[in-house]
Amino acid sequence: MFRRGLPIRALLLAAALAVPVLHCTAADAPAQDAPKKVLRYAFRVAETGFDPAQLSDLYSATIAANIFDAPLAIEFLARPARVKPNTAASMPEISPDFKTYTFTIRPGIYFADDPAFKGQKRELVAADYVFAIKRHYDPRWKSPSLYLLENNKLVGLSELRREAIEKKKPFDYEREVEGARVLDRYRFQIRLAESQPRFEETLSDPARFGAVAREVVEMYGDKMMEHPVGTGPFRLAEWRRASKIVLERNPNFREEFYNEEAPADDPIAQKAVARLKGKRLPLVDRVEVSIIEEDQPRWLAFQNREHEVIEEVPAGYADLVMPNGKLAPHLAKQGIEMVRYLRADVHTTYFGMENPVVGGYTPEKVALRRAIALAVDIDKEIRLVRKSQAIPGQGPIAPNTWGYDAALRSEMSEYNLPRAKALLDMYGYVDRDGDGWRDQPDGQPLVLEYATEPDQYKRALAEQWHKNMDALGIKMVFKVGQWPENLKASRAGKLMMWIVGWSGGPDGQAFLQLGYGPNKGQANHARFDLPAYNAAYERQKALPNGPERQAAMDEAQRLMIAYMPYKIHVHRIFTDLAQPWVIGYHRNVFMREFWKYVDIDAEQQRRLAK
């Protein structure tokens, strides 16, 4: 039984000691004195590694986003979201046809020190971005983010990739291609085969498109996931896999200051700006991230003041922390701050469209998926499992993004058990052998295999699924595995069903990618491949924002709802808490690199924290 005052670190010590520790190199060794300002919190899912060309999960990307720099960035406090220059000297020059983007990088930006640089300061140059982009096309790295670039059709790069695959030879980084080329030391140019009016948003993601030095890749090779070296505010100091990740301030980080503007209707942002305006970034010296999968120890680590922040208060503690959506008086009295926000995400169960049981495009297969979706009681799931920390999903496009229709109501959120049963009866999914479970139309057993994880929250969701399918007369079995293993199996097309979250940028296209055929095995976990959907997706991608584009996005949504490769459950509401000594904590749902904007009152932390 966990008790207040018992350090969570003691409970996890044995496991931590058993995990190999990756320390920073001698060149990167931190100073002898302990950092004055430390930000500690937890991920509830383990990371996989930190190489921009190989990572694919949110948690690894969060670490990488604080190590690497993209040429552009999302403004931290801007509402609605707005892109600004980051390492770029200005916004890119864009041709009138939206096919050519020219970036100019600011001189005097340096990578964190690393043995790969042989004791020399290494300046960021345009070639580092071209190299980083090309790495996604290199078959060696099997980039899960390649689809983001291939969808934008950078001229000549897909052909270069195919040549490497067909001739079974190393990818040719030396060959200049029109799609991504260096103009001079500080300028590079992207050339697209088709108009892409929003391409610059792609290059605002530091986790996937941050600059990578070629010397680092040549030195570490297949161990790149362990050796992230970037120009961002932090550098990796220590890594115990699936246990603890420590980042320290990058001494080479350029002069950058807190210069955010607070929206008039955001008192939390206004308070942060008042305290932090003009201060040099990053504001903390060290970030320590623990991996705590279970809700109770994660909550107690915050309650016991061992963590500065808890991101996404577990649903099971919602009534304790925020009765009726307001911070509980006993927490407010302690000076704890609450930040509550609707995520730009979808929490969805996908059906493997190539799976012989639930996949396919024939009427009976579509009817099966729609019947299963109709039998899922989303309102009960939100009340009982999610503790009202979500809103029903009506389609794949998330709130706060361009293309989202708050007025949309669809079958996606409908709970109608009689209609679900009638659909199954109509298409021959009936109990043929008298065992109480429905069978397939050909008489084969109908058994759903659902992948999930072992934590308490996922167990509660699985139990809800079990009850829903029992009521429908469909047998369901659960395959429990760790999240990284499920992710690997999913990308390989080996799972029948899996519940997974997906978050994206400020444009709804990031969510329509889930159904785009060429993205199979990448964003498209369901492996949905419908020509009509693909055509609608491609049409909206080429159009500027406006009614015509909205109509194409609406058509894509309609097709996804009709064919049901994904059962969109909800859009989640996150509630984060920060200790009283944390200054300026806020969230922008479109960026992960927020650590540099958070400050710590070190004296108050020492006085009150464990």
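The values are calculated or read from the model by the stated rules, or taken from the named source; none is laboratory data. Everything numeric in this text was worked out from a predicted model, so none of it was measured. As a convention, Cβ positions derive from the backbone with ideal geometry for all residues, glycine included, and neighbour counts pool all protein chains shown. Heavy atoms of the whole protein, side chains included, go into the accessibility calculation; ligands, DNA and RNA do not. Shrake-Rupley method; radii C 1.70, N 1.55, O 1.52, S 1.80 Å.
Of all residues in region 218-237, which are touching a residue at least 60 places away in the same chain (Cβ under 8 Å) and surrounded by fewer than 16 Cβ atoms within 10 Å (Cβ to Cβ)?
Scanning region 218-237 gives E218, E226.
Among residues belonging to region 165-207 that are part of a helix (DSSP H, G or I), of a type outside the set (D, E) and under 30 Å from the mean Cα position of the chain (by Cα), point out the one that is surrounded by the most Cβ atoms within 10 Å (Cβ to Cβ).
Out of the qualifying residues, it is P206.
I'd like the full set of residues that are open to solvent by 20 Å² or more (accessible area, probe 1.4 Å) and more than 20 Å from the chain's Cα centre (by Cα), limited to region 239-253.
R240, R249, P251, N252
Would you be able to say whether some residue in region 428-435 is among the aliphatic types (A, V, I, L, M), at negative phi, in contact with a helix residue (DSSP H, G or I) (Cβ under 6 Å, 6 or more places away or on another chain) and surrounded by 14 or more Cβ atoms within 10 Å (Cβ to Cβ)?
Checked against the condition, which is being among the aliphatic types (A, V, I, L, M), at negative phi, in contact with a helix residue (DSSP H, G or I) (Cβ under 6 Å, 6 or more places away or on another chain) and surrounded by 14 or more Cβ atoms within 10 Å (Cβ to Cβ), region 428-435 yields no hits at all.
Is it true that some residue in region 143-160 is open to solvent by 40 Å² or more (accessible area, probe 1.4 Å), in a helix (DSSP H, G or I), on the phi < 0 side of the Ramachandran plot and not β-branched (V, I, T)?
Scanning region 143-160 turns up at least one residue that is open to solvent by 40 Å² or more (accessible area, probe 1.4 Å), in a helix (DSSP H, G or I), on the phi < 0 side of the Ramachandran plot and not β-branched (V, I, T).
What residue, among those in region 256-270 that are within 25 Å of T575 (Cα to Cα) and without any contact (Cβ under 8 Å) to a residue 24 or more places away in the chain, is most open to solvent (accessible area, probe 1.4 Å)?
Only one residue fits best here, namely D265.
Answer yes or no: is there a residue in region 67-76 that is without any contact (Cβ under 8 Å) to a residue 60 or more places away in the chain and either open to solvent by 30 Å² or more (accessible area, probe 1.4 Å) or within 21 Å of P263 (Cβ to Cβ) (or both).
Checked against the condition, which is being without any contact (Cβ under 8 Å) to a residue 60 or more places away in the chain and either open to solvent by 30 Å² or more (accessible area, probe 1.4 Å) or within 21 Å of P263 (Cβ to Cβ) (or both), region 67-76 yields no hits at all.
Could we say that L577 is part of a strand (DSSP E or B), open to solvent by less than 20 Å² (accessible area, probe 1.4 Å), of a type in the set (A, V, I, L, M) and in contact with a helix residue (DSSP H, G or I) (Cβ under 7 Å, 6 or more places away or on another chain) here?
Yes: the conditions hold for L577.
Within region 333-389, which residues are in a strand (DSSP E or B), farther than 19 Å from V477 by Cα and either open to solvent by less than 10 Å² (accessible area, probe 1.4 Å) or touching a Leu at 6+ places or on another chain (Cβ under 6 Å) (or both)?
M338, V339, D345, V346, H347
Could you tell me which of the residues W498, W502 is touching an Asp or Glu at 6+ places or on another chain (Cβ under 8 Å) and not in a helix (DSSP H, G or I)?
W502
Test of understanding: among G443, G517, G505, which residue is closer than 30 Å to R82 by Cα and surrounded by fewer than 18 Cβ atoms within 10 Å (Cβ to Cβ)?
Of the residues listed, the single one that is closer than 30 Å to R82 by Cα and surrounded by fewer than 18 Cβ atoms within 10 Å (Cβ to Cβ) is G517.
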